[in-house]
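Throughout, read-outs are computed from the coordinates displayed, never taken from laboratory work. On a predicted model such as this, the values are computed, not experimentally measured, just so you know. Glycine gets a Cβ as well: all are built from the backbone with ideal geometry, and neighbour counts include every protein chain shown.
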Amino acid sequence: MMSPPRTLVWFRGKDLRITDHGPLVRGLAEGNVIPVFVLDPYFFDPHRAQDLPHRIQFLLESLEELARVIASLGSTLICLQGKSVEVIPRVAEAWNVSRVLAHRWVEPFGRARDRQVARALRVPLELLEGETLHPPGTLRTGSGSPYSVFTPFSRSLRREAAIARPLPAPSTLPPVPSQALREHRPPPSLSELGICRNANLQPGGEQAAHKRLQQFLSRGLGRYGTGRDHLGQDATSRLSADIKFGTLSVRSIWWAVADRQQDCCHESVERFLTELIWREFSYSSLWDRPNLLKSPFRSSWTNFPWREDAAGWKAWAEGRTGYPVVDAAARELIATGFVHGRARMITASFLCKHLLIDYRQGEQHFMKYLTDGDWAQNNAGWQWSAGSGCDAQPYFRVFNPVAQGEKFDPEGAYVRRWLPPLAKLPSRYIHKPWAAPSPVLEAAGVCLGKNYPHPVVEHAFARQRFLDAAKAHLKPSP
Ligand SMILES: Cc1cc2nc3c(=O)[nH]c(=O)nc-3n(C[C@H](O)[C@H](O)[C@H](O)COP(=O)(O)OP(=O)(O)OC[C@H]3O[C@@H](n4cnc5c(N)ncnc54)[C@H](O)[C@@H]3O)c2cc1C
């Protein structure tokens, strides 16, 4: 009797779940599956891993849970050591699989890896959609080109995308063959990688992700429309790391929220769905323009006269610029691996515009510490903030960090949480301690230059310096 076809289901770190997992469901429908994860040195070499400590922590926790769930269903998640481009073709041959199924990645290095793997395999590598709501690279303007403006992209997605309902998790899985079991190597621990565990990070894994989603649906979604920009309120979903590592699929979040249309504030639901479409826009843009990770979207920004400013950089990265909302964001990042979305915009703008430091330096720093650090999303956020990106903030809009703080953190709750030396300052000075009279500073225990710095640069001067540089560099050639 012929044995059923055997599929290698390749989990790749952006789909660490069993619910709504297309490759797993498809493989099972047609025969046996061997679930595999590759501990590729591209991420798991200790030197590489130490450069992304928070993402590695979240990933290892998620991987551990995935392995536990797969085991409880009767199978084994086989972890393999080595480069994907060598390991996958080798085991596919040794285990006699009829194909390899995985989710498609949009990043240029992921696409190059997949092309190499496909070339080395003797069986097909099939890449399924699932990382985005709609396949990247498919929505086109009337003239057939990729969108570079968000609103028409969003309209087109809402008109054309048939967003699939999430697939159920399998209730059992077939056992893997013994030759696969022999190859299994347990993933390294954090300490083996030389990383200290950060207890303030969100816990990884599919179960914690579902809990976060449920909490958001019951407590956050109703206030999302009005509260999402407020730094001191807990009104956003905090699902970005789950989306990044795929502990929840983006379409399952889409439907969980869209289905609340009837019993929740319409504006909140719409606003949230629009944010998910912003993510689609980042992914689509990177798919169509793989160079974005290296160069500005607008070519006029090439060779922009960014400054070398080691002292300014250090002050920004360590949260010592003297602008409380900017410093609070820097502290939140290092402490928790997360930064509120509004604070990301303010602090990124400050680095590029006030300090005139290359957005790529900030982009790299965020990628090091953000648990949700995502190539497409982070690059889009930084290019938006600098002014060089697709549908970016125009260069001449320079956020005033004091005004932004006063608008989005009026009582200073966010600043007080992350900058304890300022905790006792009255709200009217919390975003500009240098303006407080000496007795007020003294009563609050603030000693400028000692326990909180003077501003590294004056706002009006910095604004003008950036505008002069940008106008001179971006002026149309005669
Ligand atoms: C400089 C900068 C860097 C950023 N880097 C990243 C990154 O590395 N990874 C990342 O996931 N997001 C990034 N963002 C986008 C956004 O700030 C975060 O997705 C959001 O703050 C995450 O919090 P949340 O899940 O509570 O968001 P919510 O407000 O609850 O939004 C839900 C989801 O919608 C998407 N989303 C929300 N806002 C945006 C946005 N402005 N652009 C694109 N998608 C959005 C995210 O997937 C988010 O998880 C960045 C933004 C900026 C300005």
Next on the checklist: Suppose R0 equals 60 Å. What FRET efficiency, 1/(1 + (r/R0)^6) with r the Cβ-Cβ distance, do SER171 and ALA435 give to the nearest 0.05?
Outcome noted: 0.45
Checklist entry - Using Cα pairs under 8 angstrom and six or more residues apart, how large is the relative contact order of region 314-401, in percent? => result 24 percent
Next on the checklist: Which of rounded, prolate or oblate describes region 1-96 when judged by the alpha-carbon gyration tensor and an a/c cut-off of 1.5?
Outcome noted: oblate
Checklist outcome for this item: For TYR42 and ARG115, extending 7 Å from Cα along the Cα-Cβ vector and measuring point to point gives, in nm, a value of 1.3 nm
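Calculate for the chain the 222 nm mean residue ellipticity that helices alone would give, adding -39,500 (n - 2.57) per DSSP H run of length 4 or more and normalising by residue count, nearest 500 deg cm²/dmol.
On the way: 22 runs with 222 residues, N = 478.
Calculated mean residue ellipticity at 222 nm is -13500 deg cm²/dmol.
Rounded, prolate or oblate: pick one for region 301-387, where a ≥ b ≥ c are the square roots of the eigenvalues of its C-alpha gyration tensor, a/c under 1.5 means rounded, and failing that, prolate if a/b is larger than b/c, else oblate.
Details: a/c = 1.68, a/b = 1.12, b/c = 1.50.
Oblate shape, in that a/c is at least 1.5 and b/c is the bigger or equal ratio.
Among LEU128, LEU39, rank each residue by its count of other Cβ atoms within 10 Å, from fewest to most, as a rough exposure measure.
Details: LEU128 15, LEU39 19.
Going from least to most buried by this count: LEU128, LEU39.
Taking square-rooted eigenvalues a ≥ b ≥ c of the alpha carbon gyration tensor, is region 176-238 rounded, prolate or oblate, where a/c under 1.5 means rounded and, failing that, a/b exceeding b/c means prolate?
Values: a/c = 5.28, a/b = 2.10, b/c = 2.51.
In terms of gyration-tensor shape, oblate.
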Checklist outcome for this item: Taking 112-119, 17-24 and ranking on average Cβ neighbours within 10 Å, highest first, one gets 17-24, 112-119
Checklist entry - If the limit is 20 Å between Cα atoms, which of LYS314/LYS368; LYS368/LYS471; LYS83/LYS368 go over it? => result LYS368/LYS471; LYS83/LYS368
Next on the checklist: As an exercise, identify the trypsin sites (Lys or Arg not before Pro) in region 325-416 lying in DSSP coil whose Cβ has no more than 10 other Cβ atoms within 10 Å.
Outcome noted: ARG397
Checklist outcome for this item: For the pair ASP51 and GLN214, the simple spin-label estimate (label points 7 Å beyond Cα toward Cβ) gives in nm 3.9 nm
Checklist entry - Whose amide H sits under 5 Å from the amide H of ILE34, counting only residues 5 or more places off or on another chain, with H placed in the peptide plane? => result THR7, LEU8, VAL9
Checklist outcome for this item: Residues whose built amide H sits under 5 Å from the amide H of ASP374, excluding neighbours closer than 5 in sequence, are none
Checklist entry - Which order do peptides 420-426, 230-236 fall in by mean Cβ count within 10 Å, highest first? => result 230-236, 420-426
Checklist entry - What is the calculated FRET efficiency for GLU270 to THR226, with r their C-beta to C-beta distance and R₀ = 22 Å, to the nearest 0.05? => result 0.95
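Based on other C-beta atoms within 10 Å, arrange ARG12, ARG428 from fewest to most.
On the way: ARG12 21, ARG428 13.
Ranked by crowding around the Cβ, least crowded first: ARG428, ARG12.
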Checklist entry - By a straight-distance test (C-alpha under 18 Å), which aspartates and glutamates pair with LYS450 as possible cross-link partners, with residues fewer than eight away in the same chain excluded? => result GLU318, ASP327, GLU442
Item to check | Sorted by Cβ density within 10 Å, fewest first, the residues ASP259, ASP327, ASP40 | outcome: ASP259, ASP40, ASP327
Checklist entry - In sequence order, what are the phi-derived ³J(HN,Hα) couplings for region 122-134 according to the Karplus relation 6.51 cos²θ - 1.76 cosθ + 1.60 with θ = phi - 60°, rounded to whole Hz, with x for glycine and proline? => result 9, 10, x, 9, 10, 9, 9, 6, x, 7, 10, 6, 9
